Every structure is written in C-alpha cells, then in structure tokens.
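Trainee: Below: one structure in structure tokens.
FYI, it's all coordinate maths here, none of it is from the lab. Predicted model only: the values in this text are computed from it and were never measured. Heads up, the Cβs are rebuilt from the backbone with ideal geometry, glycines too, and the neighbour counts pull from every protein chain shown.
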Amino acid sequence: MTLWSGRVAGELAPEVWDFLRADDAELLPYDIAGTLLHAERLHAAGILDDAELAEVRDTLARVGEPDAGAEDVHSFLEAELGEVGRKIHAGRSRNDQVAAAVRLYVHDACVEADAALVSFAGAILEQAEEGAATPLPGYTHLQRGQPVTLGHHLLAWVEMLERDRSRFAFAAKQAAPSPLGAGALAGSTLPLPPPPNQLRNSLDAVADRDFVLDYLYAAALLFTHLSRIGEELVLWTTREFGFALLPEGAATGSSMMPQKLNPDVAELARGKAGTAIGRLTGLLAVVKGLPLAYDRDLQEDKAPLFGARKDVAGALAALSVLVAGLEFDTERLADAASDPLLLATDAAEALVLEGVPFRDAHEQVAASVRDGSFEPPAAGNRLGDVAAAVTAAKERWGC
Ligand code: ARG
C-alpha cells in the first residue's frame, strides 16, 4: 500500500517498485524527530487532540527497523502510526518531510565529524608535543629543503584539520533551518504554527540540497587532507625513509610475504579521498539543472551522504589509533635533518645580513654547493617557539 494508492490504481510492476524504493533506513531516527515536530504543530492547530499526540509520541518511541515493503522511510513511518497515521500527513508532504529529516541527519553528521576531528587532532598534538624540538628535514618537491621539527610538521596537519572543523561547522549551520510548513512546494491552508527557524521560501525549502553539498564538500576536503597525511605516513614508514614505525594495532601484514608491515590504514584513507570527491561531484551533477521545486532525482542525495558519514568517522578513528601509536626513529630523523645542505638558505641569509643583495648571496652559496666548498653556518631559529605553538593548538582544540 503506497501513500498515493488513491490516485494510482493497481500494483506497480516489481521492477518499477525496486527501482523507485529508497535505501533510506538510516534516516529513521531523524524522520521520527521531524514527525514529532510536525505532530506538535498539528496539535497546536487543533488537528490532533491530546490523546492522538500522546499516541504519536508513544508509537514513535518504539518504532522498529523499517521493512523492505515500504517505498521509503516516510511511508513506513506513516503506516507504523496506524489510525493516527491517517491524520499525520495533514499540512505536510514527503518533500518537506524528507528535507527536514536530511537536515537533521546532516547536522548530526557534522557534530559527529567534529568530535572525530578533535580525537584525531588530539593524537597528532600528543606526538607534536613530544616531537616539538625533534629535528626533521622539511621538503619541497619531495627534495630536502630546510630543517624543521617534527612538532612543526605535525602542526601543519593540525592546521588543515582546523579548517576542516570550520567547514563542518558551516555545513551544520546551513542545515539548521527547518523546511517544515513548505508542504509539497507551496505551504498549506491549515493554520499550523511555523516551526522555529523556518526557511523563508517554500519552493526553495523543498528543492534545496546545498547543505548536503556543503557537508560533502567538507568531507571531500577533509579526505583530501587525509590523503596528504596518509601519503606522508606511507612515505615515513618505508624502509627508504625509515622515519617512523607503524604500531602493530594499526598495521597490516601480507598474505604471502611474511616480513611485511603495511600502512593499509593510511593508504585506504588516501584512496577514500577519491570516493569522497566523487560523492561531491556526483551530487552536484544530480542537482544541476533541476527545475523547482522537488524532483525525485533528489532521492540520490542519500547514498553519498550516508557513505560520507561512515567514511569520515571510520577514517578519523583508525588514523587516530595509527598516529597515537607511531614510533618515530629520532636518531634517523636527526641524521636526515643534519644534512648540511639544508642550511644553504641560512648561509645566503647570513650574507644578506652582511649587506650582500639576496640574489648575489644565492649565487655565491649555489657556487659553493656546486664546487663542494659549502660550509654550513650555525643553524638559526626560523620556526619560532614550536612548543608554545603546540600548547596554543591544544588550547584551541580543548585537549
Ligand atoms: N524518498 C524520497 C526522497 O528521498 C522522499 C520524497 C518523495 N516525494 C515525492 N514527491 N515522491 O527524496
């Protein structure tokens, strides 16, 4: 039985039914929350009496898993409500209903991402604290450039995550207003009180999925960062670099080569960046060109959204374990960072302080590197107080 069987007689062909059905069971708690809000509006308007509102609350508190027989979670919920369910859809449509549920879902997903980011940043900052003064070569073009410290390098990761944090907060803010009251597209004639923080325009309220795209963008850029961090973890844990050892709780072995300790967690985080970017571009392409207001195309927002939430939580949790357990080979790091050529820029800058124009200083030092006569100056401090920067970051992140 569909919500629209009064209009469309007969049974849908099973192929059509299978094609139309939404895989949206994950929305259930959010659709319940949205339905409760709507029931309260109906009650305020005198359309549901006290007993009916109580019955809605009661039933919604113990709804089970959606079955495969319903067209979507909204149809399932109405059926679960039984007799009072026949009243619940007054003044609403699945169009504002699904938009409300997806908004609540995105909001929760952002809050969850924030907590996961805090744990991951916390694990990185612990390592940064320990390695605040540990020398490390800094790279450009993956060629040794100038000396940095491990703490300074790890703080760069934290900066990326801090921007991610603000992007998830932005998506949460975008998702917060309520589309309830928009009905199918043009509101309703019923005297329902507006929900708090109601969206201004009913057509936009049912058609807008920008907040999903904002979330997918935040996730895509987070994964882009995780792919860069993952790549560095892969490099650092090779025998060639030998900068760090993977913890056994976050490393994998080979089914054939007994000696292997593989960085699959870092690689999978790197790989999932591709999928995360695909989710964003996929939904952008779905929304592109859609006429106002609601179109069924929008049902395609579910899979990317659910997938992104799962991957954001999964990747950050696994990477937190990996980073927390990394063992840095400080001797090897110090050895790599003591390459005298890393101080070539310092040598040119020392000449600048003696009044030599920088381009001349650059040429003089380059010539000494080429003929093998380069003498490194005493290392200066160009990074500021890394330990203080770690402390400040810990304060910002509350860890
Ligand atoms: N399952 C649908 C979706 O996810 C719910 C809205 C259906 N609305 C409609 N007019 N057919 O978008």
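Trainee: Can you list the residues, at least 5 places off or on another chain, whose amide H is less than 5 Å from the amide H of residue 91, using H built in the peptide plane?
Mentor: The list, which skips near neighbours in sequence, is empty: none.
Trainee: Among the listed pairs 272/310; 272/302; 87/302, which are separated by more than 22 Å between their Cα atoms?
Mentor: 87/302
Trainee: Which part of segment 49-66 falls in the paramagnetic zone of residue 86, meaning amide N under 12 Å from the point 7 Å along Cα-to-beta-carbon?
Mentor: none
Trainee: May I pose another question? Rounded to the nearest 20 Debye, what is the dipole magnitude of the chain about its Cα centre when Lys and Arg each give +1 and Asp and Glu each give -1 at the C-beta?
Mentor: About 720 debye.
Trainee: Per residue of segment 160-175, what does 6.51 cos²θ - 1.76 cosθ + 1.60 with θ = phi - 60° give for ³J(HN,Hα)? Whole Hz please, x for Gly and Pro, Karplus curve as stated.
Mentor: 4, 5, 5, 5, 4, 4, 5, 5, 5, 5, 5, 4, 4, 5, 5, 7
Trainee: Calculate, in nm to one decimal, what residue 197 and residue 45 gain on full extension: separation in residues at 0.36 nm each, minus their alpha carbon distance.
Mentor: Extending this stretch completely gives an extra 52.9 nm.
Trainee: For residue 134, which sequence-distant residues (separation of 5 or more, or a different chain) have an amide H within less than 5 Å of its own amide H, given hydrogens modelled in the peptide plane?
Mentor: 150, 151
Trainee: State the percent of C-alpha pairs, over all pairs in segment 72-230, separated by a distance greater than 29 angstrom.
Mentor: Value for segment 72-230 (Cα pairs over 29 Å): 42 percent.
Trainee: Run through the DSSP bridge list for the chain and note the antiparallel percent, rounded to the nearest 5.
Mentor: Looking only at bridges with both residues in the chain, the antiparallel portion is about 90 percent.
Trainee: Another question, if that's okay. What dipole magnitude, in Debye to the nearest 20, does segment 326-399 give about its Cα centre under +1 on Lys/Arg Cβ and -1 on Asp/Glu Cβ?
Mentor: 320 debye
Trainee: Same structure again: In nm, what is the difference between 0.36 nm times the number of residues separating residue 260 and residue 399 and their Cα-Cα distance?
Mentor: My answer for the length gained is 46.6 nm.
Trainee: For the chain, with the dipole built from +1 on Lys and Arg beta-carbon atoms and -1 on Asp and Glu ones, taken about the Cα centre, which of 221, 381, 177 lies farthest toward the positive end?
Mentor: 177
Trainee: A further question on this structure: What list of whole percents do you get for P(r) of the chain, with Cα-Cα distances grouped in 10 Å bins up to the one holding the largest distance?
Mentor: Histogramming the chain at 10 Å steps yields 4, 18, 22, 18, 15, 11, 7, 4, 1, 0 percent.
Trainee: Okay, next question. Take each of the peptides 196-202, 30-36, 211-217, average the number of other beta-carbon atoms within 10 Å over its residues, and list them starting from the highest.
Mentor: Averaged packing, sorted descending, gives the order 211-217, 30-36, 196-202.
Trainee: Also, quick follow-up: Normalised by the number of residues in segment 247-399, what is the relative contact order in percent for Cα pairs under 8 Å and 6+ residues apart?
Mentor: After rounding, I find 18 percent.
Trainee: Can I ask one more? Select from 247, 340, 120 the residue farthest towards the positive end of the dipole of the chain; place +1 on Cβ of Lys and Arg, -1 on Cβ of Asp and Glu, and compute about the Cα centre.
Mentor: Going by the charge dipole, the pick is 120.
Trainee: Cβ neighbours within 10 Å, averaged per peptide: list 237-244, 182-189, 113-120, 380-387 in order, most packed at the top.
Mentor: The packing order, highest mean first, is 113-120, 182-189, 237-244, 380-387.
Trainee: Check the straight Cα-Cα distances from residue 260 and name the aspartates and glutamates below 19 Å, setting aside those fewer than 8 residues away within the same chain.
Mentor: Of all the aspartates and glutamates, those that pass the test against residue 260 - Cα under 19 Å, at least 8 places apart if same chain - are 231, 232, 240, 248, 327, 329.
Trainee: Here's another thing I want to ask about it. Could you run the Karplus curve 6.51 cos²θ - 1.76 cosθ + 1.60 with θ = phi - 60° over segment 357-366 and give me ³J(HN,Hα) per residue in whole Hz, x for Gly and Pro?
Mentor: Listing the rounded values in order: x, 4, 5, 5, 4, 4, 5, 4, 5, 4 Hz.
Trainee: Another question, if that's okay. Given 0.36 nm per residue, what is the gain on full extension from residue 330 to residue 112 after removing their alpha carbon distance, in nm?
Mentor: In short, 75.0 nm is gained.
Trainee: What FRET efficiency comes out for the pair residue 17/residue 313, r = Cβ-Cβ distance, R0 = 35 Å, nearest 0.05?
Mentor: 0.60
Trainee: Can you show me the helix-derived [θ] at 222 nm for the chain, built from DSSP H runs with n ≥ 4 at -39,500 (n - 2.57) apiece and divided by the number of residues, rounded to the nearest 500.
Mentor: Helix contribution divided over all residues of the chain: -20000 deg cm²/dmol.
Trainee: Only counting other Cβ atoms within 10 Å, I'd like 302, 288 sorted with the fewest neighbours first.
Mentor: Ordered by Cβ neighbours within 10 Å, fewest first: 288, 302.
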